[in-house]
Amino acid sequence: MRAMAMPVIDHRGPEFQRLGRRVLEKLKFVFKTSGRVFIYPASGTGAWEAALANLFASGTHILMYETGHFATLWKTLAERLRLQPEYIAADWRDGVDPVRIEARLREDVSHSIQAVCVVHNETSTGVTSRIQEVRRAIDAAGHPALLVVDSVSGIGCADFRQDEWGVDVCVAGSQKGLMLPPGLGLNAVSEKALAFARRAGTAKSFWSWEEMIPHNDRGFFPSTPATNLLYALDVGLDMMEEEGLEAIFARHHRHAEATRRAVEGWGLDVVCRNPALHSPVLTGVLMPEGYDADRLRQIALEQFDMSLGMGLGKLSGKAFRIGHLGDINDLTLLGALAGVEMALGLSGAPHQPGGVGAAMAYLRDTARPTPDIDIRGAS
Ligand code: PLP
């Protein structure tokens, strides 16, 4: 936030050029790619549209997979662009099943499907999907479809390896794991996807990767960039590099586990039913049958000044979400969990107290070892 409170410099000048070059280069490590990352002054929705508008002309057949509210919104966006998304209907409490992707691609003998589009971390539920296995499914089917991944809430929180996993385009945004305010949309793009887009020659202007490239190569952007957000990105990426990506992922996994222990302690269920796919980013919690999650959220907001994530789409009123992404530590998390436990108590929803104690015990037992200091006998 402090990094942003700076004068807006000339976005065609030498100081900006150094900033532009720095952030474009540094962004690559969070995607684990040596390819290009494009930055738009846009939210994640813009970055979704950018990916589809560069790659596919209207009428293009793509395969999308229902994992939750965001997968569904992306499918609707594809329909509005007049693509032909084929939507594999599935359970919101589980992730993408690579076996179903492989089976569908094997049926597509004419290779009509141009891409498989999946969400890495479904923010509406707290369920992740195994992107590497989706890539293996595409390869096992011997299918040339591109792999396009929404990691808007995964990037910087959950492990993601663009190059190693053979992801062609990754869609991301500034406001989740990168710890910035909303306002930057990102596309990490493989060479294969760039070549595909060149051949597709779709109608687009603002979103055009080709238009960006010559400007980006000199550290600039074709239109006015969100300069102050780029200051923040510059600092945020340094913070992430200093902590180390693997340490960041481990921190979020530990906080996710502590959160699940709290939920279990309350006697409630998490939305994610597949233990292998629990999100390190956020935890979706189901309210007891017949109790309104939005009423609980209202109590938490009014009494404790804490905003819980709302249930989205099918889960509206039925679930709430606890975020443990970005710049968070043990005590921030425990404060949030204490707020949930107190709000549950005030709401009259059936639950057991003591979830916070379970989370505390877990965080205590997994804390970094401290030097052995003998505190007996202090006067
Ligand atoms: N995809 C996912 C997984 C998201 O969580 C979001 C927003 O939360 C979006 C896409 C859309 O991004 P935005 O709301 O920034 O436009």
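Within region 25-56, the residues that satisfy the criterion of being touching a Lys or Arg at 6+ places or on another chain (Cβ under 9 Å) and surrounded by fewer than 20 Cβ atoms within 10 Å (Cβ to Cβ) are Lys28, Lys32, Ser34, Gly35.
Mind counting the residues in region 57-71 that are among the hydroxyl-bearing types (Ser, Thr, Tyr) and open to solvent by 40 Å² or more (accessible area, probe 1.4 Å)?
Counting residues in region 57-71 that are among the hydroxyl-bearing types (Ser, Thr, Tyr) and open to solvent by 40 Å² or more (accessible area, probe 1.4 Å) gives 1.
Put simply, of Arg106, Arg161 the only residue that is more than 16 Å from the ligand (Cβ to nearest atom), at pLDDT 95 or above, of a type outside the set (A, V, I, L, M) and under 29 Å from Glu246 (Cβ atoms) is Arg161. Look at (1) on the phi < 0 side of the Ramachandran plot; (2) surrounded by 15 or more Cβ atoms within 10 Å (Cβ to Cβ) and you find that Glu210 fails only one, number (2).
Are any residues in region 136-158 more than 16 Å from the ligand (Cβ to nearest atom), more than 12 Å from Cys170 (Cβ to Cβ) and either within 21 Å of the chain's Cα centre (by Cα) or assigned to a loop (DSSP other than H, G, I, E, B) (or both), and if so, which ones? Within region 136-158, Ala141, Gly142, His143, Pro144, Ala145 meet the criteria. Filtered by the rule that a residue be in contact (Cβ under 8 Å) with a residue 24 or more places away in the chain and part of a helix (DSSP H, G or I), region 308-333 gives Gly313, Lys314, Leu315, Asp330, Leu333. Confirm whether Ala247 is surrounded by 17 or more Cβ atoms within 10 Å (Cβ to Cβ) and either at pLDDT below 95 or small (Gly, Ala, Ser) (or both). When the stated conditions are applied, Ala247 does not pass them. Anything in region 113-135 that is within 16 Å of the ligand (Cβ to nearest atom) and without any contact (Cβ under 8 Å) to a residue 40 or more places away in the chain? List them, or say none. Correct list: Ile131, Val134. Filtered by the rule that a residue be more than 19 Å from Ala203 (Cα to Cα), open to solvent by 50 Å² or more (accessible area, probe 1.4 Å) and part of a helix (DSSP H, G or I), region 73-101 gives Leu73, Val99, Arg100. Asp234 passes every criterion in (1) outside any helix (DSSP H, G or I); (2) over 29 Å from Thr67 (Cα atoms); (3) touching a helix residue (DSSP H, G or I) at 6+ places or on another chain (Cβ under 8 Å) apart from (1).
Got a sec? Which of Ala300, Ala276, Ala343, Ala336 is outside the structural domain of Cys157 (by TED's automatic domain parsing), part of a helix (DSSP H, G or I) and within 19 Å of the chain's Cα centre (by Cα)?
Working: Ala300 fails: within 19 Å of the chain's Cα centre (by Cα); Ala343 fails: within 19 Å of the chain's Cα centre (by Cα); Ala336 fails: within 19 Å of the chain's Cα centre (by Cα).
The match here is Ala276.
Restrict the check to region 180-198 and report whether at least one residue is surrounded by fewer than 20 Cβ atoms within 10 Å (Cβ to Cβ) and among the hydrophobic types (A, V, I, L, M, F, W, C). Yes - at least one qualifying residue is present in region 180-198.
Residue selection: Leu63 satisfies the criterion of being within 24 Å of Ala200 (Cβ to Cβ), more than 16 Å from the ligand (Cβ to nearest atom) and within 21 Å of the chain's Cα centre (by Cα). The residue that is farthest from the ligand (Cβ to nearest atom), among those in region 39-56 that are outside any helix (DSSP H, G or I) and of a type in the set (Ser, Thr, Tyr), is Tyr40. Of Trp92, Trp74, all but one fail to be in the same structural domain as Phe31 (by TED's automatic domain parsing), touching a strand residue (DSSP E or B) at 6+ places or on another chain (Cβ under 9 Å), at pLDDT 95 or above and farther than 20 Å from Gly44 by Cα; the exception is Trp92.
Against the list (1) assigned to a loop (DSSP other than H, G, I, E, B); (2) within 18 Å of Val171 (Cα to Cα); (3) in contact with a Phe, Trp or Tyr (Cβ under 8 Å, 6 or more places away or on another chain), the condition Ser223 fails is (2).
The values are calculated or read from the model by the stated rules, or taken from the named source; none is laboratory data. None of these values were measured; they are calculated from a predicted model. Glycine also receives a Cβ, built like all others from the backbone with ideal geometry; neighbour counts cover every protein chain displayed. Ligands, DNA and RNA are excluded from the accessible area calculation, which covers all protein heavy atoms including side chains. Shrake-Rupley method; radii C 1.70, N 1.55, O 1.52, S 1.80 Å.
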